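> Handing you a structure now.
The values are calculated or read from the model by the stated rules, or taken from the named source; none is laboratory data. Note that this is a predicted model, so its numbers are computed, not measured. Because the Cβ atoms are built from the backbone with ideal geometry, glycine has one as well, and the counts that use them run over all protein chains shown. SASA here: full protein model, heavy atoms, side chains in, ligands and nucleic acids out. Shrake-Rupley method; radii C 1.70, N 1.55, O 1.52, S 1.80 Å.
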Amino acid sequence: MTLSSARDTTGHPQPGRPQSGRPQRDRPLSGRPQRDRPLSGRPQRDRPLSGRPQRDRPQERGALGTILGAFSVVALVGGLSLALTKLAAASPGWGPAYDGWAAAAAGQPLAALRWFLGDMSEPLFFKSELAAIGLLAGAVVAWWCGRRRRGLRKGLEAGSDHWGGLSYGTGLWPWVLASGMLSLLLSNLAFSRMLDGGWQPTFVPLVCVAPAMVLMYGRGWLTCLTAAVLGVLTTTPLALLFIPAVSVPLGLPAVVANVLAMAAGSVVAFAIARRLPWLVLRKQDPAPEAGPPPSGTNQLRAGNQLRAGNQLPSGNQVRAGDQVRAGKQVRVDASWAAQRVLKDFTETHFYANGIAGLGLIAGVSIAFVLNPALPAYGSGLLPHILFAQALTSALGIVLWRGWYRGGGWAATYASVVSVAPAAVLACNGSWQGIVGGAVLGAVLAPPIARVVSARLPEGFHPVIGNTAAMAIATAVTVPLLGLLPS
C-alpha cells in the first residue's frame with residue numbers, strides 16, 4: 001500500500017473496525033493513560049507522577065534551550081519520516097500485512113502471539129510486534145544502565161533524571177512491566193474469541209489501571225495480580241460498550257471510546273482498590289531540603305577571597321562567568337527537552353524513558369520498511385504519524401515547560417497517543433491533519449489533564465485525568481479539522 005492510496009476520511013468507526021473509524025478492515029486506534037499528580041492523588045503540581053521529588057533540577061527551563069532540544073528531535077524524526085517514505089516505495093513486502101490479522105489471531109496461535117505483542121505498541125497507533133520488541137529491548141537496556149550507574153546495592157532505585165531512569169525513578173519498573181503484561185494477557189485470553197469479527201480493543205488495560213495501581217500501591221505479586229485483574233474487568237468491557245454507544249453515533253474515532261473507557265474504568269478500579277485490605281498506598285518521600293540560591297556559591301567564594309586578602313573579580317570577569325553559565329544552562333535545557341520528547345513516546349506505558357522511546361521508534365521503523373502494509377493498521381501513514389507525534393510533544397513541552405519547575409510534570413504525552421495520530425488518520429495524512437492535530441493536541445490536552453487530575457480525591461491516580469483529557473481533546477479536534485477544506 002502506498003502513502004498516496006485513497007482512504008475514507010469520515011472518521012465513522014464501524015463494528016469490527018479500528019479506532020481510526022475509517023472503512024479499513026480490522027483497523028483500530030488507541031487510547032492511553034496519563035498523569036500529572038503524585039501517587040497520593042493529591043493536587044500537588046510540583047512532583048512527578050510517581051510522587052517522588054526529583055532532584056538537581058533548575059527552577060524553570062529556559063525557552064531557548066527547550067526549543068533547541070525539543071525541535072532538534074522533531075527535525076530528526078522528520079528526516080526519518082522522509083526516509084521511511086522513500087524506502088516504502090522499494091519495500092520487499094516481507095511478512096504478513098495488517099489485513100486479516102485479527103481474524104487469524106482468533107484461531108492461529110502464532111497470529112495470536114503476534115497480536116499480543118502488537119497490543120504493546122497499539123497505544124501509539126503502531127500495532128506492530130517489532131515495535132513492541134524494540135520498546136522492551138530499550139527498556140531492558142535502560143534498566144541495565146540504571147543498575148550500573150547506581151551500583152548493585154542501589155540498582156533497584158534507578159534515577160529518573162537520566163537516560164537510564166524508568167518509571168519515574170521509583171524502582172518499580174519490573175512490577176509495572178509485570179502488571180501490564182499480565183493484564184494484557186488476561187485481556188487477550190478473555191476477548192480474543194471476538195477477533196474473528198474484526199479488531200477489538202484488547203490492549204486497553206495495558207496502559208492504565210494495572211501499571212498505575214503498582215505505582216500507587218507498590219511492589220508485590222498480590223498487588224500486581226490485583227491490578228491486572230481489576231484492569232481487565234473494568235476497562236476492556238467498557239471500551240467494547242463505548243465504541244458502539246459513543247464513537248459510532250457521534251462519528252468519532254474509536255480512540256475516544258477507548259480512552260474514555262480507561263478513565264471511567266480507572267475510577268471504578270481505584271474505588272474498589274481503596275476497600276481492599278491488602279492494598280496500602282505507598283508513602284511519599286519527603287521533599288528534599290531547599291538548597292542555596294544560584295548565587296549562593298558565588299557569594300561564598302567571594303567571602304573566602306575577601307578573607308584571604310584577594311581582590312574580588314572585576315565586572316568583566318563576572319559577566320564572562322555569567323555568560324559561561326548561561327551557555328551551559330542552554331545545553332542542559334536542550335538535553336533535557338530532547339530526552340523529554342523521547343520519553344513522551346513511552347509515558348503511556350509508565351516507562352517514561354528515552355532509550356525505550358528510541359527502541360520503540362526503531363522497531364516500528366524497521367517493521368515499516370519490511371512491509372508498509374503492517375504498521376499503523378496498514379494505512380501506510382506511519383511516517384506522518386511519527387512526525388505529528390514528535391511535533392505535538394515538542395510543542396507541548398515548550399508551551400508548558402513552566403509546569404516542570406522544581407521537578408514537576410506535565411501531560412505533554414497525552415496528544416502523542418491520542419489527538420495527533422487520530423487527526424493524521426482522520427485527515428488521510430494531510431498537512432492540516434499533521435500540523436493541526438499536533439498544535440491543537442499540545443494546546444488542549446495537557447491543561448485539561450491538569451485541571452481534572454487536580455480535582456481527584458486521594459487514592460485516585462492522575463491517569464484518570466490524563467485519559468479524560470485525551471477523550472475531550474480528540475473529540476474536539478478531529479471534528480474541527482474535518483470542517484477545514486482539504
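> Checking Trp94 against (1) modelled with pLDDT of 95 or more; (2) farther than 30 Å from Tyr217 by Cα: exactly one of these is not met. Which one?
Only one criterion in (1) modelled with pLDDT of 95 or more; (2) farther than 30 Å from Tyr217 by Cα is unmet by Trp94, namely (1).
> Of all residues being of a type in the set (A, V, I, L, M, F, W, C) and closer than 15 Å to Val141 by Cα in segment 343-360, which is surrounded by the most Cβ atoms within 10 Å (Cβ to Cβ)? Just the residue, please.
Out of the qualifying residues, it is Leu360.
> Which residues, counting only those in segment 61-90, are in a loop (DSSP other than H, G, I, E, B) and surrounded by 15 or more Cβ atoms within 10 Å (Cβ to Cβ)? First the steps, then the outcome.
Of the residues in segment 61-90, the ones in a loop (DSSP other than H, G, I, E, B) are 61-62, 90.
Result: Arg61, Gly62.
> So how many residues does segment 148-160 have that are open to solvent by 50 Å² or more (accessible area, probe 1.4 Å) and either of a type outside the set (Lys, Arg) or modelled with pLDDT of 80 or more (or both)? Reasoning before the result, please.
Taking segment 148-160 first, the residues open to solvent by 50 Å² or more (accessible area, probe 1.4 Å) are 148-150, 152-154, 156-157.
Going one step further and asking which of them are either of a type outside the set (Lys, Arg) or modelled with pLDDT of 80 or more (or both), we end up with 152, 156-157.
Total satisfying the criteria: 3.
> In segment 447-481, what count of residues is obtained for those that are touching an Asp or Glu at 6+ places or on another chain (Cβ under 8 Å) and either open to solvent by less than 20 Å² (accessible area, probe 1.4 Å) or hydrophobic (A, V, I, L, M, F, W, C) (or both)?
Of the residues in segment 447-481, the ones touching an Asp or Glu at 6+ places or on another chain (Cβ under 8 Å) are 449-450, 453, 462, 465-466.
After this cut, where a residue has to be either open to solvent by less than 20 Å² (accessible area, probe 1.4 Å) or hydrophobic (A, V, I, L, M, F, W, C) (or both) as well, the list is 449, 453, 462, 465-466.
Counting residues in segment 447-481 that are touching an Asp or Glu at 6+ places or on another chain (Cβ under 8 Å) and either open to solvent by less than 20 Å² (accessible area, probe 1.4 Å) or hydrophobic (A, V, I, L, M, F, W, C) (or both) gives 5.
> Okay, moving on. Would you tally the residues in segment 341-400 being more than 17 Å from the chain's Cα centre (by Cα), assigned to a helix (DSSP H, G or I) and of a type in the set (Ser, Thr, Tyr)?
Qualifying residue count for the region: 2.
> Yes or no: Ala104 at pLDDT below 95, open to solvent by less than 50 Å² (accessible area, probe 1.4 Å) and farther than 26 Å from Leu177 by Cα?
On the way: at pLDDT below 95: yes; open to solvent by less than 50 Å² (accessible area, probe 1.4 Å): yes; farther than 26 Å from Leu177 by Cα: yes.
It is true that Ala104 is at pLDDT below 95, open to solvent by less than 50 Å² (accessible area, probe 1.4 Å) and farther than 26 Å from Leu177 by Cα.
> Would you say Leu370 is surrounded by fewer than 24 Cβ atoms within 10 Å (Cβ to Cβ) and within 20 Å of Trp115 (Cα to Cα)? Even if it seems obvious, please write down each step before you answer.
Numbers: surrounded by fewer than 24 Cβ atoms within 10 Å (Cβ to Cβ): yes; within 20 Å of Trp115 (Cα to Cα): yes.
Answer is yes for this residue.
> Kindly indicate the residue of segment 185-201 that is part of a helix (DSSP H, G or I) and surrounded by 20 or more Cβ atoms within 10 Å (Cβ to Cβ) and also modelled with the lowest pLDDT among those meeting that condition.
Leu195
> Of the residues Ile448, Ile434, Ile385, which single one is within 13 Å of Phe125 (Cβ to Cβ) and of a type in the set (A, V, I, L, M)? So that I can check it myself, show each step before the final result.
Values: Ile448 fails: within 13 Å of Phe125 (Cβ to Cβ); Ile434 fails: within 13 Å of Phe125 (Cβ to Cβ).
Result: Ile385 is the single residue among Ile448, Ile434, Ile385 that is within 13 Å of Phe125 (Cβ to Cβ) and of a type in the set (A, V, I, L, M).
> Further question: Surrounded by fewer than 18 Cβ atoms within 10 Å (Cβ to Cβ) and modelled with pLDDT under 95: does that describe Gly164? Lay out the reasoning, then the answer.
On the way: surrounded by fewer than 18 Cβ atoms within 10 Å (Cβ to Cβ): no; modelled with pLDDT under 95: yes.
Taking the combined requirement at face value, the residue does not satisfy it.
> Check segment 252-275 and report whether any residue there is assigned to a helix (DSSP H, G or I), more than 17 Å from the chain's Cα centre (by Cα) and closer than 15 Å to Met120 by Cβ.
no
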